[in-house]
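Everything below concerns the one structure shown next.
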Amino acid sequence: MNIITPISLLLLGMIAIGCNTDPKTGTKDQDPNEKDTRPNIIWLVAEDVSPRFAFYGDSLAHTPHLNDIANKGIVYENAFTVSGVCAPSRSSMITGMYPTSIGTQHMRQKAGVINIPGFPKYNAVPPASVKAFPELLRQQGYWTASYRKLDYQFGEPFTIWDEVSDYPSWRDRSDTDKERPFFIYHTFEITHEINIWPDSTKTRFFEEFNIKRKKLAPDVTKRPPFDPANSTDPETVAVPPFLPDTPIGRSHIARLYDNISRMDVQIGRILKELEEDGLLENTIIMFMSDHGDCLPRSKRWIYDSGIKAPLVIYYPEKYLPKGVEQPSRDQALYSFVDLPPTVLELAGTPVPDWVQGKSIVSELAERPREYVFAARDRMDNRYDIRRAVRDQKYKFIKNYTPEVPYSQEITFLDQMPLMAEIHRLEASGQLNRAQSYWLKGPKPARELYDLEKDPFELENLAALPEYQSDIARMEGALVNWQETYGDLKDVPETEQAERMWPKSVQPQTGQVRITVSNDSIRLSSLTEGASIGYQKNGDTRWHPYTRPLPANAVQELNTKAVRYGYSESDITVYPQDR
């Protein structure tokens, strides 16, 4: 349900000043005589990082630039991803849909860095109506750009972004695009799991698994520089109780803090360029991570160590939603599935009815969430099915495959020296219960944790009589969530893959059909849900098609289409004798 709020009315009114709206499509034309007053929006997305920042009470990493954003903006203290791993999480962050409802829940569904034989290789095919929100922004006149790591599980549809690069920037816009507002999605791979490994481990891994370094991210092949004076002393780090307190573990955690400090240097450059170009007061800045920490029993898990993430939003004064104060702190519950509708609303773009998330600035401001939800399914080469529901006090987890051990031998994770040490210490009986229970199986069918008393989720209360009413309440909330949005937990992945790619063959999007009538050129595709793009009169960029084109303005036209999860169509040209 979409709600019209004061911020919605304000932004829609601002758009109306500078744009005319097509009543059939909702697409807006920029009036060349009026300035587009919609905000620019930038996402700064760390990888694999829990709230390890001064504005969350942890000042080991040197992050003056992020501190400045937080000190001016809103710090969200209870923000959660829907998965403890990147690809399923990123699919929700780009669509506003739960991965378990659209088939993007397994990690990873296409080939990754390591070849994993014996599992289906396919793109998810979401429902036909589902689109990435930057594509919707493009349709409304925004210029969009992303870092090259897309990782949505449904392919890389060409209609989502104007630009994809290692260093996306508004400065790359053409002269004709410079008056358009922009949305930019930065990803910082320096904080990724692979970068808490020592460089010697990374080198050995690249050689042993025959990794082609040219395809790796710049932050993976070479750590970005930072001031060595800001390095973290391993003796100062706090080791979570579920990990052994050893020099190797401390070195990994210290390296994580140093990587965060390196990322802050990169973010500082972006902020400096915004300031140089006079854009700081026209740009909403959102900082987040794609999920929690990259440590063992964090990444890939649905405990808070894997799904609790930083979230900070800074609004220039003229875009501050009514009733919102900054600087401030927000303790309500938020899911990252809420980010797409929030951005769409801030951009004055209609939020489609199919979006499952709820806008932070409207619907959740009026009716805060009582629960957030998360899921774990296949992780690389191991299957497990777990679902979590969390409120302000408790976490309830239902294990649908309790016979499967908590921790499994995942090839990529086992490259980490800390994980190898954990296995060695476990085999020699040197781990205590908190450090070893999650290595063994089977696990209980149900888990309940009191997060106020037990923030690391170590004491399962599910068997105690005094907690049965809370379990019943939260399990009921989980069932309601599954029935409301759908959950593919009962569909084996081989069957899911067959539905989406019959006989393991990727479907191809149908070619674009070009129809000319009433001095207009209309484009369509026989493939339901296909997004259509076009190049007009020698232009090299693919524009999103949203309504008929005036025939008298078109001398030559290239068109193609793509449905998410499918391969692109062949190109159709106009006129056909070209």
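A few notes on this one:
- Listed by chain and number, the aspartates and glutamates whose C-alpha is less than 15 Å from the C-alpha of residue 222, apart from same-chain residues fewer than 8 away, are 166, 189, 193, 199, 258.
- Total formal charge among the other residues, if their Cβ is under 12 angstrom from that of residue 191, Lys/Arg +1 and Asp/Glu -1: -4
- Where both bridge residues fall in the chain, DSSP classifies roughly 60% of the beta bridges as antiparallel.
- Residue 284 sits among other residues whose Cβ lies under 13 Å from its own Cβ, and their net charge, with Lys and Arg +1 and Asp and Glu -1, is 0.
- The chain: C-alpha gyration tensor shape, a/c 1.5 cut-off, then a/b vs b/c: prolate
- Per residue accessible area in Å² of the chain, where ligands, DNA and RNA are left out and the probe is 1.4 Å: 41
- Segment 449-578 - percent of accessible surface contributed by carbon and sulfur, probe 1.4 Å: 48
- In nm, spacing of pseudo-spin labels at residue 331 and residue 403 (7 Å Cα→C-beta vector): 4.5
- Within the accessible area of segment 232-315, the carbon and sulfur atoms contribute 51%, probe 1.4 Å, all protein chains present.
- At R0 = 45 Å, FRET efficiency that the Cβ-Cβ distance of residue 176 and residue 222 yields, to 0.05: 0.80
- Amide H contacts for residue 41 (H built 1.01 Å from N in the peptide plane; partners 5 or more residues away or on another chain; cut-off under 5 Å): 182, 183, 184, 284.
- Applying 1/(1 + (r/R0)^6) with R0 = 22 Å to the Cβ-Cβ distance of residue 58 and residue 393 gives a FRET efficiency near 0.45.
- Charge tally in the Cβ shell below 11 Å around residue 464, where Lys, Arg are +1 and Asp, Glu are -1, residue 464 excluded: -4
- Here residue 463 and residue 432 are evaluated by their C-beta separation; at R0 = 30 Å the FRET efficiency comes out at 0.90.
- Here's the list of lysines a cross-link from residue 440 could span, going by alpha-carbon distance under 18 Å and ignoring same-chain residues fewer than 8 apart: 299, 398.
- Segment 332-372 - percent of accessible surface contributed by carbon and sulfur, probe 1.4 Å: 49
The values are calculated or read from the model by the stated rules, or taken from the named source; none is laboratory data. The structure presented is a predicted model; accordingly, all values stated were derived computationally and were not measured. Don't worry about glycine lacking a Cβ; one is built from the backbone with ideal geometry, like all the others, and counts go over all protein chains shown. In case anyone asks, the SASA skips ligands and DNA or RNA and just uses the protein heavy atoms, side chains included. Shrake-Rupley method; radii C 1.70, N 1.55, O 1.52, S 1.80 Å.
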